[in-house]
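*Asks:* The structure is given below, and queries will be raised subsequently.
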Amino acid sequence: MTDPIFTPPYPRPPRSKRGLFKRFLSGWHSWIHVLFDKSYTMKMGEIRLPGRTMYIANELPLVDKILRGGTAFPKHSELVRNLDPLIGNSVFSANGADWESQRAMVNPAFAHTALHRSMPLMVAAADDLLARIDAADAGKPVDIDPMMTHVAADIIFRTLFSQTLDAARSNIIHTAFGRFQRLAHSASMLRLYGVPAGWFERRSKGPARAIHDVFRPIVEARYEDYHARGEAGPRDILQSLIEAKHPDTGAPFTCNQVMEQVSTIFLAGHETSASTMSWALYMLAECPHIQDRVRAEVAGLAGNEPLTGAMLKEMGQVRNIFRETLRLYPPVSFLPREVTCPMDMRDKHLEPGAMLVVAPWLTQRNKDNWACPHAFDPDRFDDPANAEMAKQAWFPFGRGPRVCVGAGFAQQEVMTVIASVVRRFTLSVPPGFKPEPISRLTIRPRTGMPLLFARVN
Ligand code: HEM
């Protein structure tokens, strides 16, 4: 008998579009709750909101054109404003020539994310995660959501600063980022509806400051060491940013600019991966037959030896879990771009300032692109019939000039964590628990992700 295909939770879309007020209410906590049935299959949609007109481009050639369009479709000012308290003007949010010079200055730092260099750090952080799970009360559900934040933040912390991240600072980050997401999401909703959002904007600065305070002392001390005393710290991302020079003027980043780049790399580099790890482990916990296959693959290739990059390369099933998780729960589910000059697209006329959204959440769950699009079926990535869609209709890391610089790093760390956890534990879901995905800056479970762990041997 074949095992049933599992459909993990997602907000069931109503058949028809709701009115403006109902959409406001359902979107107050999460973008994906606003969608209706046709949102998933329409070629291009138009949403007129009091504060902004928004277009959603689902048709594959349009998705490609927009993402590869570079400066023709810059990141939207609404997104930039939303993220400003957290990452300021940095390589994720900048546009045009400013982005180009920032990218040139930041690029050398990414040598430290090279896979062979970062693998030992990832394995050490994953071992610390296993020890934390071991230390938890056996037989009781463990909320893995903060744990995945800890391991992912610890990995990027080690890569950025050559230091580990302790539980106290990890908790500050997890709680503060959750609060920031709630406040920034509400502020963004209000602005789109043309309602003043000052209260939420001001409140969001507190959690952003709490996150910055975790690494500000490290950045300031190392900046001072180098620029005032000529002393270089360990060769890591931070040191590379401190030593970076503007391609035209030769000027270094100011300390504040280093803080903004560090905040970006730290946040872009852990929140997304943590989200992927939580959803991947949850779906494995729901599907014991897939979990067993994955465990057998890891045991066959690695035994009890420390994981290596070469072993991960051979782990096709673990890689498919990573890909399928990102298809179903792309952490960055909507990529908003700005229309900069009047233009026609399909049957619509777009005016400057309009928001043009490309949505991995929609394209990757469109039944015209993928069979049983809401079902968890990691093997689909082995089916040659899906090869073209895996190129065109799978883009959790974006595409074109603004594609994620950390995609390889993310794949390696998520695969390391999945392989390490299933090798040590059998995972299951506590009876009656079903997570609710909510989409703000990233897709996270609304009330955490409790799972049960039992030692394999
Ligand atoms: C599963 C994990 C990850 C996902 C799903 C993800 C997703 C994305 C996406 C969709 C973008 C492009 C956004 C757009 O076009 O609007 C992006 C950009 C970026 N990501 Fe990631 N990311 C992940 C992990 C990482 C990691 C581990 C790092 C750093 C080590 C990182 C650093 C960045 C940076 C710096 C950018 C901006 C690139 C630029 O615009 O020049 N990301 N990411």
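*Asks:* List every residue pair whose Cβ atoms lie under 6 Å apart, where the two residues are 6 or more positions apart in sequence or sit on different chains, the first residue falls within segment 399-411 and is over 21 Å from His116 (Cα atoms), and the second residue, located anywhere, is near the ligand (Cβ under 6 Å from one of its atoms) and modelled with pLDDT of 95 or more.
*Replies:* Going by the 6 Å Cβ cut-off, the qualifying pairs are Val403/Phe397.
*Asks:* Moving to a separate point now. Residue by residue through segment 231-253, note down the ones that are crowded, with 16+ Cβ neighbours inside 10 Å and assigned to a loop (DSSP other than H, G, I, E, B).
*Replies:* Gly233, Asp236, Ala244, Phe253 - these are the residues of segment 231-253 that are crowded, with 16+ Cβ neighbours inside 10 Å and assigned to a loop (DSSP other than H, G, I, E, B).
*Asks:* Is segment 380-393 home to any residue that is within 9 Å of the ligand (Cβ to nearest atom), in a loop (DSSP other than H, G, I, E, B) and hydrophobic (A, V, I, L, M, F, W, C)?
*Replies:* No: segment 380-393 contains no residue that is within 9 Å of the ligand (Cβ to nearest atom), in a loop (DSSP other than H, G, I, E, B) and hydrophobic (A, V, I, L, M, F, W, C).
*Asks:* Test each condition in (1) free of Cβ contacts under 8 Å to residues at least 60 places away in the same chain; (2) under 21 Å from the mean Cα position of the chain (by Cα); (3) more than 30 Å from Gly139 (Cα to Cα) for Ala387 and report the one that comes out false.
*Replies:* (2)
*Asks:* I need the full set of residues from segment 95-154 which are over 22 Å from Gly408 (Cβ atoms), in a helix (DSSP H, G or I), touching an Asp or Glu at 6+ places or on another chain (Cβ under 9 Å) and within 12 Å of the ligand (Cβ to nearest atom), in order please.
*Replies:* Answer for segment 95-154, where residues must be over 22 Å from Gly408 (Cβ atoms), in a helix (DSSP H, G or I), touching an Asp or Glu at 6+ places or on another chain (Cβ under 9 Å) and within 12 Å of the ligand (Cβ to nearest atom): just Ser101.
*Asks:* Just the residues that are modelled with pLDDT under 95 and among the β-branched types (Val, Ile, Thr), please, taken from segment 404-450.
*Replies:* Selection gives Val405, Ile438, Thr442, Ile443, Thr447.
*Asks:* For segment 1-48: of the residues being of a type in the set (D, E, K, R) and assigned to a loop (DSSP other than H, G, I, E, B), which is nearest to the chain's Cα centre (by Cα)?
*Replies:* Filtering first and then ranking leaves Arg12.
*Asks:* A further question on this structure: I'm told Ser93 meets every condition in (1) within 22 Å of Ile242 (Cα to Cα); (2) surrounded by 16 or more Cβ atoms within 10 Å (Cβ to Cβ); (3) over 18 Å from the mean Cα position of the chain (by Cα) except one. Can you identify the failing condition by its number?
*Replies:* (3)
*Asks:* Which number in (1) over 18 Å from Pro207 (Cα atoms); (2) within 16 Å of the ligand (Cβ to nearest atom) marks the one condition that Asp166 misses?
*Replies:* Here Asp166 clears every test but (2).
*Asks:* If you don't mind, another one. Select from segment 405-448 the residues that are within 8 Å of the ligand (Cβ to nearest atom) and more than 15 Å from Thr276 (Cα to Cα) and list them in ascending order.
*Replies:* Within segment 405-448, Val405 is the sole residue that qualifies.
*Asks:* List the residue pairs whose Cβ atoms are under 8 Å apart, where the first residue sits in segment 184-197 and is closer than 17 Å to Pro85 by Cβ, the second is in a helix (DSSP H, G or I) and among the charged types (D, E, K, R), and the two are 6 or more positions apart or on different chains.
*Replies:* Ala187/Glu201; Ser188/Glu78; Arg191/Glu78; Arg191/Arg81; Ala197/Arg191
*Asks:* Okay, next question. Restricting to segment 254-308, name every residue that is among the polar types (S, T, N, Q) and outside any helix (DSSP H, G or I).
*Replies:* The answer is Thr254, Asn304, Thr308.
*Asks:* Related question: Name the residue that is surrounded by the fewest Cβ atoms within 10 Å (Cβ to Cβ), counting only residues in segment 309-364 that are of a type in the set (S, T, N, Q) and assigned to a loop (DSSP other than H, G, I, E, B).
*Replies:* This residue is Thr340.
*Asks:* Tell me, yes or no, whether segment 433-445 has at least one residue that is aromatic (Phe, Trp, Tyr) and farther than 20 Å from Pro331 by Cα.
*Replies:* Step one: filter segment 433-445 for residues aromatic (Phe, Trp, Tyr), giving 433.
After this cut, where a residue has to be farther than 20 Å from Pro331 by Cα as well, the list is 433.
Looking for residues that are aromatic (Phe, Trp, Tyr) and farther than 20 Å from Pro331 by Cα, one finds at least one in segment 433-445, hence yes.
The values are calculated or read from the model by the stated rules, or taken from the named source; none is laboratory data. Computed from a predicted structure; not experimentally measured. Methodologically, a virtual Cβ is constructed for each residue, glycine included, from the backbone with ideal geometry; neighbour enumeration extends over all protein chains shown.
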